[in-house]
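To start, the structure itself, in structure tokens.
The numbers here are math on the coordinates, done by the rules we state, and not lab data. Keep in mind that what you see is a predicted model, and the values were worked out from it rather than measured. Glycine gets a Cβ as well: all are built from the backbone with ideal geometry, and neighbour counts include every protein chain shown.
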Ligand SMILES: *Cc1c(COP(=O)(O)O)cnc(C)c1O
């Protein structure tokens, strides 16, 4: 008797009943999401139990596996696609993107190369061009489809590192940083996102080996200090700017940064994980003015554009610097000719999911007007929430609410230690009620409640319900 007959699981299961089951669980989750307590209800220990145990000798029938996975995961799911999710800057996995991603998985495409995955490569190529149109960035730029803004920052800064060293005659791809004739100087705002520092860490530049530029009260880089520091430096230079600070939504002064960079031959990289999308809103595009004069940009698909996780984009104006930093050559890999674009030339990975399908589908579905409305609506809702909260005695909105972020402080006029305690107590009360997910952070030395409005289904009624809950809790805490 062969192994085949002994092991009932060696037969490849039918896909259709499995997808039917998956569809049932997936749609039940999404239908029930608004009424669901958004934070997971099970403890880590409770979640571990059903997933755990030794790997069994005997397999489990396919349908049972899907049932068991759904049951084990459900109490540990965070309701990120909920209209009541404001905890971090995360997107809501648009239904059109989810459907496209299901097909990408079923098609099993390895989107490394145009010859291996022609449709996947073309979807990326076209979606990449559409992204440049939606974001109003230079049309000749190259676009890489990565896992998120962390990797987009990594790739953009790798292209920057390559180019600023090439300009002094050094090939960093071949020779690494150790033998570089000059150190690469990196200028970065004090309120930059933590992941930019990770990117610098991965690139051998070092997360602490930077010149930090002070910021204003809203978290935007001070161009006057940047000018001073850059003028005093004679090394190859990279300036890392930011569009959309995670607590305040602040934008760095790009016009001035571009001017300084042009005078001193510096590369400008912009971390615009969500803030870059202000450019897609007619009403808010002015916030990101001058940003198109940068050399590279990092943004997310899985935040404002609502692509299912994971999806980010790196955009580089000098496509050659981008390819030089990322391409892989090996004799066994097919190479594309003439005008064909190999996806792997623009990202760190070789084998990868065909990310272009979901992006193509969501962009096609929303169109430029749909993206504009989505971004503008979230920004308008943020203003509405500010208006509801700001007049309440003892409560203060600490940031300029231009984008989709609110930084709320409690105990106006009290000592800092008291203010911090009140903010933390408010966060605990809201967490215990488990109706909304909110964030907490230390902002310029003070504890705040963070509100990120970025989920596609969020409407005015959700914002009003959130404002009612925050105010009711505050009045209870601070009668
Ligand atoms: C979210 C975010 C990142 C990190 O993006 P990931 O998609 O989590 O990798 C980087 N910078 C900013 C400003 C962000 O908001």
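Points to keep in mind about this one:
- For residue 115 and residue 67, the FRET efficiency from 1/(1 + (r/R0)^6), where r spans their Cβ atoms and R0 equals 45 Å, is about 0.70.
- The coefficient of translational diffusion for the stretch 272-419, derived via Stokes-Einstein from the alpha carbon Kirkwood radius under 25 °C and 0.890 mPa s, stands at 132 µm²/s.
- Cα centroid separation, the stretch 309-327 to the stretch 1-77 (Å): 36 Å
- Shape of the chain, Cα gyration tensor, a/c cut at 1.5: oblate
- Isotropic mean projected area of the C-alpha convex hull, the stretch 334-479 (nm²): 12.7 nm²
- Estimated translational diffusion coefficient (Stokes-Einstein, Kirkwood radius over Cα pairs, 25 °C, 0.890 mPa s) of the stretch 8-79: 176 µm² per second.
- The packing ranking, built from the mean of other Cβ atoms within 10 Å per residue, places the peptides 220-230, 342-352 in the order 342-352, 220-230, highest first.
- Centre-to-centre, using Cα atoms only, the stretch 225-283 and the stretch 343-403 are separated by 20 Å.
- Calculated FRET efficiency, residue 175 to residue 432, Cβ-Cβ distance, R0 = 41 Å: about 0.15 to the nearest 0.05.
- Over the stretch 110-253 - Rg/Rh using Cα atoms and the Kirkwood inverse-distance radius: 1.01
- Virtual paramagnetic centre 7 Å along Cα→Cβ of residue 217, amide N under 11 Å, in the stretch 379-404: 398-400
- If the chain linking residue 27 and residue 282 were pulled fully straight, counting 0.36 nm for each residue of separation and taking away their Cα-Cα distance, it would gain 88.4 nm.
- Taking a ≥ b ≥ c as the square roots of the eigenvalues of the Cα gyration tensor, an a/c ratio of 1.5 or more together with a/b larger than b/c marks the stretch 364-412 as prolate.
- The stretch 61-181 - Rg (one decimal) and Dmax (whole number), Cα, Å: 20.4, 61
- Rg then Dmax, both in Å and based on the Cα atoms of the stretch 437-479: 12.4, 35.
- Residue-averaged 222 nm ellipticity for the chain, from DSSP H runs of 4+ at -39500 (n - 2.57), nearest 500: -13500 deg cm²/dmol
- Highest average packing first - 52-65, 196-209, Cβ atoms within 10 Å: 196-209, 52-65
- Share, in percent, of DSSP beta bridges within the chain that are antiparallel, nearest 5: 60 percent
- Gyration tensor (alpha-carbon) shape descriptor, the stretch 98-363, a/c threshold 1.5: oblate
- One decimal place: the segment residue 417-residue 310 gains 34.6 nm when fully extended, by the rule 0.36 nm per residue minus the C-alpha distance.
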